[in-house]
Amino acid sequence: MPIEGVEANMDLVDGAGERYVVGVDFGTLSGRALVVRVGDGAELGTAVHEYRDGVISAALPGGRPLPPDWALQNPEDYRDVLRHAVPAAVSAAGVDPAAIVGIGVDFTACTVLPTFADGTPLCEDPELRNRPHSWVKLWKHHAAQPHADRINALAHERAEPWIGRYGGKLSAEWQFAKGLQILAEDPEVYHRTERFIEAADWIVWQLSGTETRNVCTAGYKGVRQDGRYPSEGFLTALNPDFGDFVAKLDGPLMPLGARAGVLTARAAAWTGLPEGIAVAAGNVDAHVTAAAARAVEPGRLVAIMGTSTCHVVNGTHLAEVAGMCGVVDGGISPGAWGYEAGQSGVGDIFGWFVEHAAPAGVASHERLTELAARQPVGAHGLVALDWWNGNRSLLVNHDLSGMIVGMTLATRPEDIYRALLESTAYGTRMIIEAFVEAGVAVNDLVIAGGLASNELLMQIYADVTNRPLNMIASAQGPALGSAIHAAVAAGEYPSIHEASRAMGRVHEAVYRPDPGRARVYDALYAEYRTLHDHFGRGGDDVMLRLRAIRNAAVGTTTTTTATHQATLEVVA
């Protein structure tokens, strides 16, 4: 089977006595493997494997239609990354597999799946395969929003001590909302679920044969604070049958960089790696990138920009930041409080416009960027809200939707495209200001992810935030970060801090703000904030009303289609 995107660095020669690690980054649409030299972080070979089923949002592979706001995945796609991308990356690197001493993985999050006690996904049981709730729920599965609303309301009513650690609201993307949705909509699947596990921990289980939980996902996505999860009393108040949910989540907890186990014979056969090498504890794609960006010290915020953006920064002390995704002790690196925020749609927004709204002749990112770059700041007369996939931070509401204000008959596609680029920069500025106002220092920014290659977008971010942008010196930030953690798990470095200094790389102050453009963006940002607060903080709930009307209409269509499908199955 051909491997997409195999790359090798032929200038680097395999030296006698050198040791290597593999980092595997599981993204939204594909998985990437990267072979890295332990001594200096040199990237020797990489390969990408596209998921066969991708994002399952319209219907299950068997044809059963899905309601609005669903996003599922097939766990077999993840195993295929191990079977195809890892051996291809090792081959491209030209190193002796016997010299590879460890493997680390990272995942999108909260991407979570129900399994049996032995780790077998419920969707692989023939009896359950046609049940949507038996499949992996991808991070951007947003159909659990009503359940998140109930969790948040009850947490404030009971003054639960952990709710402030999540900015006052748990996201619909996180484990508890998704678990409660399963119980409410398919109790049988819920009760047959013996483990409800982040994909990052599940793939480590597949590699090592050992079930573990990493402190990152347990804290940010599983509401584990101060050594415990939400109480059974809180869970049963949500639903009398929800009291056992923590038992499905809980498992041996591993700090980041720890050795979760060793590679099994089965996983060695998949990957072509030596049996018995170290398998690092799982991690989240954004958080693991901090090590690759030399950003494990407090005050350096990393923005990992792709289909969505995740913002992570270490702090010296505990603070509760309104609207944040969470703060976790050791959540990014041991010895610091790790803060996370994010935007649910960034690259996805730009991609939507190119694919569905841009006219022929300009329907490419390259052409639209070229045209948009010619404009002075503010020349298009537009302000957009970046909520096309809901709002993760600061409002934590995935029922919100996008908006563009100021369009006229003179508006052109490049105007809209630039306004969308700018809207995501405004959203990032909101997040930075919230951190700073709460006393969490943001001294500088490091940009990572696929969108870092767009020079116009990067300059817009520098001008809007009025901060210089440092750029990670790797095109594979998460995979490199996972490799760094693998080196620590293999005992090659005593800590993530030492490994990051030796193996991570960053280019300093690549983009600097222009004072004149920054002043104009200050005025436009003020208009963005006005719209943000009006439509996001109760001034007018028109977006929520429109979504309810849409869901009712689409739900009727889905129900009719499902009934028709069921009839056909009975007849067959």
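Going by amide H atoms built from the backbone, whose H comes under 5 Å of the H on W388, apart from near neighbours?
Those lying under 5 Å, H to H, from W388 are G402.
Per residue and in cubic angstrom, what volume does the convex hull of the Cα atoms of the chain have? Walk me through the numbers on the way to the answer.
Details: hull volume 89.1 nm³, N = 572.
Each residue corresponds to 156 Å³ of Cα convex hull volume.
Where only protein heavy atoms count, and the probe is 1.4 Å, what is the accessible area per residue for segment 123-187 in Å²?
33
Output the peptides 87-93, 492-498 sorted from most to least packed, where packing is the average of other Cβ atoms within 10 Å over each peptide's residues.
Top of the packing list down: 87-93, 492-498.
Please state the relative contact order of segment 48-191 as a whole percent: Cα pairs under 8 Å, 6+ residues apart?
22
List every residue whose amide H lies under 5 Å from the amide H of S30, counting only residues 5 or more places away in sequence or on a different chain, with H placed 1.01 Å from N in the peptide plane.
Distant-sequence amide H within range of S30: Y51.
Taking Rh as the Kirkwood radius computed over C-alpha pairs, what is the Stokes-Einstein D of segment 277-366 at 20 °C in a medium of viscosity 1.002 mPa s, expressed in µm² per second?
For these conditions, the coefficient is 144 µm²/s.
Aspartates and glutamates near K221 by alpha-carbon distance under 15 Å, same-chain residues fewer than 8 away left out - which ones?
Hits, sequence-local ones excluded: D106, E173, E198, D201, D250, D285, D329, E340.
Per DSSP H run of n ≥ 4, the term is -39500 (n - 2.57); total these for the chain, divide by its residue number, and report the mean residue ellipticity at 222 nm rounded to 500 deg cm²/dmol.
Counting only the DSSP helices, I get -11500 deg cm²/dmol.
Whenever you get a sec, compute what percent of the accessible area on the chain sits on carbon and sulfur atoms (1.4 Å probe).
About 53 percent, which is the carbon plus sulfur part of the accessible surface.
Within 10 Å, count the other beta carbons around each residue, average over each peptide in 392-400, 264-272, 345-353, 508-516, and list them highest first.
My ranking of the peptides, most packed first, is 392-400, 345-353, 264-272, 508-516.
Which of the peptides 247-254, 319-326, 41-48 is most tightly packed, and how do the rest follow, going by the mean number of other Cβ atoms within 10 Å of each residue?
Values: 247-254: 16.9, 319-326: 21.9, 41-48: 23.6.
Packing proxy ranking, top to bottom: 41-48, 319-326, 247-254.
Near the amide H of F107, under 5 Å away, which other amide H atoms are found, from residues 5 or more places off or on another chain, if H is placed in the peptide plane?
F26, N283, V284, D285
The values are calculated or read from the model by the stated rules, or taken from the named source; none is laboratory data. Not measured: the values here are computed from a predicted model. Neighbour counts are summed over all protein chains in view; Cβ atoms, including those assigned to glycine, are modelled from backbone coordinates with ideal geometry. Accessible surface is based on the protein model in full, side chains and every heavy atom, while ligands, DNA and RNA are left aside. Shrake-Rupley method; radii C 1.70, N 1.55, O 1.52, S 1.80 Å.
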